[in-house]
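Could you have a look at this structure, given as C-alpha cells, before my questions?
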Amino acid sequence: MVTSALRSKPASTNGHPKKIVARKAARPNKTKWVYLFGEVDQAEKYARSWDGVRALLGGKGANLAEMTRVGLPVPPGFTVTTEACNAFLAAGETFPPGMWEEELVALKKIEALAGKKFGDPKNPLLVSCRSGAKFSMPGMMDTVLNIGLNDEVAEGMIRLTGDARFVYDAYRRLVQMYGTVVLNVADEPFEAVLATHRKRRGVENDAALPPEDLKAITAEFRQIVKAQAGRDFPTDPIEQLKLATMAVFKSWNGKRANDYRKAAGIPHNLGTGVNIVTMVFGNMGDDSGTGVATTRNVSTGEKELEGDFLINAQGEDVVAGIRPTLPISAMKEKMPRAYAQFAKIARLLEKHYRDVQDVEFTIEHGKLWMLQTRDAKRTAQAAIRLAVDLADEKLITRPEAVKRVSPDHVDYFLHPQFDPGDKKAARARGDLIAAGLNVSPGAAVGQLAFDADTAEQWARDKKAVIMVRPETKPDDVHGMLAAKGILTSRGGRTSHAALVARQFGKPAVVGVLTLEVSVENRQFVTAAGRTFNEGDWVSIDGTTGEVFAGKIRTVVPEFNDPYLVKLLKWADDIRQLGVWANADYPRDAERARLYGAEGIGLCRTEHMFFETERLPFVQQMILAKTPEQRAEPLSKLLPFQRADFAGLFKAMDGLPVTIRLIDPPLHEFLPSHDELLHDVTALEMKIQAREREGQALSDILSKRQKMLDAVEMVRQTSYNAGIEIPVGLPTREEQWDSLSSMEHRLQVVEVELKDFTSTLAEKRRMLGAVEGMREQNPMLGLRGVRLGIHMPELVTMQVRAIFEAACQCAKDGVDVHPKIMIPLTAHSAELQMEQSILEAEAKRVMDEQGIEVDYQFGTMIEIPRAALVADRIAEYAQFFSFGTNDLTQTTFGVSRDDAETGFLMEYLEKGILPENPFASIDRDGVGKLMEMGVTLGRQTRPDLEVGICGEHGGDPKSIGLCHKIGLDYVSCSPFRVPIARLAAAHAALGDKADLR
Ligand code: ADP
Ligand code: MG
C-alpha cells in the first residue's frame, strides 16, 4: 500500500505524469538485453524512435528486424543489444546479469522458427554471429559463420544433406573464422593449408576441393588452432556461441575499430550489437549462391542493380575477393526466378528506406534470403545524381535531396581530374600500365608507398603518395587517409579498400589483377613486365580505373554536370543567404559568375600593384617625399587600375562589385629589409675592390708610360748618334699593345665603379625608406584606413579609377554597382574623415564624366572595437563586411602565421580549442562580436547590408552561423561558391530532421 502510494504521488503532481507511468510499465526494473527479429515493435516502444532502435540494436540488427516486419525473407534470428555490450565492457568483460539466459531463451525460439535444434546431430541448427553498431563500420568487427558445428553435428548433417563437400566446407570455415576472430590466430597458416591442397588438386578455388580434402583441412585447421591459441577448438556449440558473443563485444574496443571511429568521427560509447542469425547456405551446390549488391550504381548514380555474385559460395567469399566474382546481371540468366524476386525486393527496400540500399543475400537451393540492408555508401558524383533522381521519382522531396548532398560531394566537382590531352599522350607513350575497378573517383598522382606507415610518414614529409597493397585491411586506414590515392591488385567494389576510399573521398583503383604486387620487394610488376619500385611516380584515375606510369597533369572538371546544376538550383530556391565571391581579376569574376556568384564581395586592389610593370611606380610613389612628387607615379598607376575595374564591372554586369581600398602596410611593396642590407654590403665590397684595382692599374700605367718615354729616348739618341739600337729593347708596337690593354681595363673598372656607386645610392635610399617604415607589428600598424588617412592621394587615385571605370562602363551600357569598401576601421571618426574625401572625389569624377552611377560606401568590420561601436560606424557606412581573418586575429590576439605553424596546433591537440578558428568561425567569441555588429549596425540603419568576406565565407559551418545571425550574403573564393550555395541551403533547412 505504502509503496504504491509513494510511487503514484510524484506522478500525479509533477506535471507530466502519463509518460513516466507508461514508461515504468513498459520497462520493468529488468533491462531486456535480447530482442528477436520479430520483436522490433517492442524495441521501438522502448527506444522511442527508429534512430533509437538503431542505437539499441545496431544498424544491422535494426534493419534485419525491419525487413522481418515488412515480410521479407530473413532467416530467424535475434539481437543482443548495444546496451549489453556497454554493460559487458563496463563490468570488466563479464555479461550483465540475466543476459546469457535471455540469449539461450531466444535461441530456443529461433530453433522453433527454423524447425531445427542447435547442437543436435539429427537436425542441427547452425547460426552466424555478426557484429553491428549503430553506424556501419565496414569490416571492422568480424563475423563468424556456421556456429554449432562439431564432428558429430557434421556427420549428422552429411546424413541429412548427403553432401559431405558442403558440410566440411562449412566446418573448415567455422574453425578458420573462429580461430582468427575469436581466438586471435593469424590467418596465414590457414590460407597456406588451403593453397597446398588447391595446388595438389590443381584447382583454382576452394569450392572445387573434394570432400576428403575438406575433411582433412578441417582437422589440420584444428591443429593450427590448438598450436597457436594454446587451446582446443571448442566443440560444445553452446560454448562456441558464448565465446563468439564475447569476442564481438570485445572487438568494439579493438585498435582497428577505435582507429576507424576516430577517423570517421563515430562516438566511442555507442557499443555494438550481436546478431545471431540462422545460417542459410549459398554453398550447397550450383543452385545456391551468394552476393552483395546496391540497388543502383553507387559510382555513377545510374539506375541499375550493381554488385557481385558467386555460385556455390558462402557470404564472405564475395567480399574477400578471393574468387573472381560474376556481375549481378549474370544472376538474371543463371537464376531467373531468384533474380526477379531479388529485383522486386530491391525496389521495395528503396521505397521503404527512401534511399539506395546496399544489400547482402544468399540463395539456398534456389530460395532467396535477405541477410542485410543499409543505406549505400556512394561516390560524390553518384550522391548528387541519386539525390536528384530520387526527388524526381518523388521518393523524397527536393529539400531532402538538397540535405542529402554534402559540401564534400559538391567539392568533388571542383577538384582536379586528369587533363584529357595529357592522358591521351600518356596512353600513346605506352604509359597506361594497367586497369582495374574504378571504385572511388578522382585523379591522384604520387609516389608509390607499399605500406601504411611509409605512406603516413611520407605524407608527413609533404610527399604525394599513392599507397599500393595487394589488398587493404583495417590496420591500413591511417596510411590510406594520408595517401592521395589507393591502388590494390585484389578486391572488388565492396572490398575494404573501396569502402574506405569512398567514405573518405580518396581516388582509388582496386582489383588490378594484372599487377603482381610484392610488399617484401617493395615493387610491382605489370603484365608487360615493367617493374615499379617504391618511390616511383604513378597516376591513378579513380573515375575510370586506369593506372599510368609517371605524372599526368590535372585539370579542374567542367562545372556542367546536369545533376549538380539541377541540385544547386534547388538549393538556391531554399537558401536565404546571398552567395558572392572574392575576386581580384576579371577572369576570377567570370569563373565566380559561372559557379553562381551573385556579386563580388571583395576585390583586393593591392594584388594589382604587384604586377611587374606596375611595381616600379608603386615604389616610386611610396618613396616620394611630397604629394607633388607622388602625383607622377600615381598618374601612371591610374590607367592600370581603371582598366582593372572596368574589367570587373563588365564581368559582373548587373551585379554588385565591392572594391576594397588598399589595405596592407606599404613596406610589403618594397624589397625586404634583409635583402636590401645584403645588397648594400655586397655593393660596398665590390666598389672597394674596383677602387683598389683602378688605383693599381693607374700606378702601373704611369710607370709604363715613363718606361716607354725612356726607351724612346734611347732609341732616338742611338739613332742620332748613328749607333746600333741595343738588342732586347722592346719594340714600340709591343709597348703600345700592353699599354692600351691596360688602359682599356681601367676604363671598364671606372664605368663599373660609377654603376655600382649609383646602384648603391639607390639601394641605400630604399633601405633608408624601408627602415623608416619598419614596424614592430605591421599587422597592427600603418595599414587599412590608417594608410588612407596618412596618404590620401593614394586612395583618392583609387576612387578616381573606380569611378572613371564605372562611368565609362555605364556609358557603354554596362549595369554597374560599385561598392567602395574601407578596411580596418576601428573608430567612426576614421570613416567620417576618409569618406568625406572620397565622396568628394567620386562626385568630381561623375561631374567630369557627366553621368551618375549608383554606388555605396561601406566598411569592413575586422577590429573588435568596430563591432562594439557598430551603431556609430553605421552612421557613415552603408554596408558592413566582416573580415573574419583579421577579426579572429584581433579577437584572439594572435597572429595567424605564427599561430598556425606553432602553438595553435598544440592547442588543438590538447583540446584547448575544439577547432582551428581560422578555418571555422569561433562562435562564442568572434561569432558574438559579429552578432553584436549586425544588431547595433541595423539599429542605426535598418536596411544596412551585411556580409562576410573572410575565408570563412566558404566554410559550411561558418555559413551556418552567418545565416543564423542574419547576414545578407557570404563571399568566398570562386571555387567555394557552389559549396556555399549548398551550405546556405542547409543552413536555411536548419536541423529539421523530417523534410518530407
Ligand atoms: P559485414 O558487416 O562485414 O558485412 P556480416 O555480418 O554481414 O559482416 O557477414 C559477413 C558475410 O557473411 C556476409 O556476406 C553475410 O551475407 C554472410 N552471412 C552472415 N550471416 C549469415 C547467415 N546466417 N547465413 C548465411 N550467410 C551469412
Ligand atoms: Mg554484411
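The values are calculated or read from the model by the stated rules, or taken from the named source; none is laboratory data. Not measured: the values here are computed from a predicted model. The accessibility values were calculated without ligands, DNA or RNA, using every heavy atom of the protein model including side chains. Shrake-Rupley method; radii C 1.70, N 1.55, O 1.52, S 1.80 Å.
Please enumerate, by chain and number, the aspartates and glutamates with C-alpha under 19 Å from the C-alpha of residue 843, excluding those fewer than 8 residues away in the same chain.
793, 804, 815, 834, 852, 854
Follow-up question, since we're still on this one. Carbon and sulfur together cover what percent of the accessible area of region 116-226 at a 1.4 Å probe radius?
50
When the Cα centres of region 820-855 and region 861-890 are compared, how far apart do they sit, in Å?
Their Cα centres are 18 Å away from one another.
Using only the Cα atoms of region 481-549, what are the Rg and Dmax in Å?
11.8, 33
Now for a separate question. Could you give the angle, 0 to 90 degrees to the nearest 10, between helix 50-69's Cα long axis and the longest principal axis of the Cα atoms of the chain?
Rounded to the nearest ten degrees, it is 50.
Continuing with this model, one more query. Along its three principal axes, how long is region 564-609 when you only count alpha carbons? Whole Å, largest extent first please.
Projected onto the principal axes, the Cα atoms of region 564-609 cover 40, 19, 10 Å.
Using alpha carbons only, how many angstrom separate the centre of region 668-725 from the centre of region 587-605?
The two parts, judged by their Cα centres, are 63 Å apart.
Right, something else. Roughly to the nearest percent, how much of the accessible area of region 477-590 is carbon and sulfur, given a 1.4 Å probe?
On the way: 2200 of 4620 Å².
Of all accessible area on region 477-590, carbon and sulfur atoms account for 48 percent.
How many percent of DSSP beta bridges within region 460-586 run antiparallel, rounded to 5?
Percent antiparallel among DSSP bridges in region 460-586 is about 60.
Please work out the C-alpha center-to-center distance from region 332-363 to region 212-239 and express it in whole Å.
37
Take every Cα-Cα pair in region 281-381 and report what % of them are more than 23 Å apart.
Roughly 19 percent, rounded to a whole number.
What would the Debye equation give as log₁₀ I(q)/I(0) for region 737-799 at q = 0.19, 0.24, 0.28 Å⁻¹, counting only Cα atoms as equal point scatterers?
With no solvent term, the Cα-only Debye profile gives -0.86, -0.98, -1.07.
Additional query: With every protein chain present, what is the per residue accessible area of the chain (1.4 Å probe, Å²)?
45
Can you run the Rg to Rh ratio on region 513-622? Use alpha carbon positions and the Kirkwood inverse-distance Rh.
Checking Rg against Rh, the ratio lands at 1.22.
Straight-line reach from residue 484: which lysines have a Cα under 19 Å away, not including same-chain ones fewer than 8 places off?
Residue 484 reaches 423, 462, 463, 473, 506, 551.
At 1.4 Å probe size, with the rest of the protein present, what percent of the exposed accessible area of region 352-459 is carbon and sulfur atoms?
The C+S portion of the solvent-accessible surface of region 352-459 is 49 percent.
Rg/Rh for region 918-993 to two decimals, with Rh computed the Kirkwood way over all alpha-carbon pairs.
In region 918-993, Rg relative to Rh is 0.97.
For region 659-793, take N as its residue count and report Rg(C-alpha) divided by 2.2 N^0.38 Å.
On the way: Rg = 28.5 Å, N = 135, 2.2 N^0.38 = 14.2 Å.
It is 2.01.
In addition: At 37 °C and 0.692 mPa s, grab the translational diffusion coefficient of the chain from Stokes-Einstein with a Kirkwood Rh over Cα pairs, rounded to a whole number in µm² per second. Show your work: numbers first, answer last.
Values: Rh = 34.6 Å.
Diffusion coefficient, whole number: 95 µm²/s.
Give, to the nearest whole percent, the P(r) tail of region 51-108 beyond 20 angstrom, counting all Cα pairs. Don't jump to the answer; show the numbers that get you there.
Numbers: 552 of 1653 pairs.
Value for region 51-108 (Cα pairs over 20 Å): 33 percent.
Could you grab the relative contact order for the chain? Cα pairs under 8 Å, six or more apart, rounded to a whole percent.
Value for the chain: 9 percent.
Going from the alpha-carbon gyration tensor of region 216-326, what semi-axes, largest first and in whole Å, does one get by taking the root of 5 times each eigenvalue? Spell out each step's value before the answer.
Working: eigenvalues 177, 126, 37 Å².
The answer is 30, 25, 14 Å, longest axis first.
While we're here: Per residue, what volume in Å³ does the Cα convex hull of region 597-713 take up?
192
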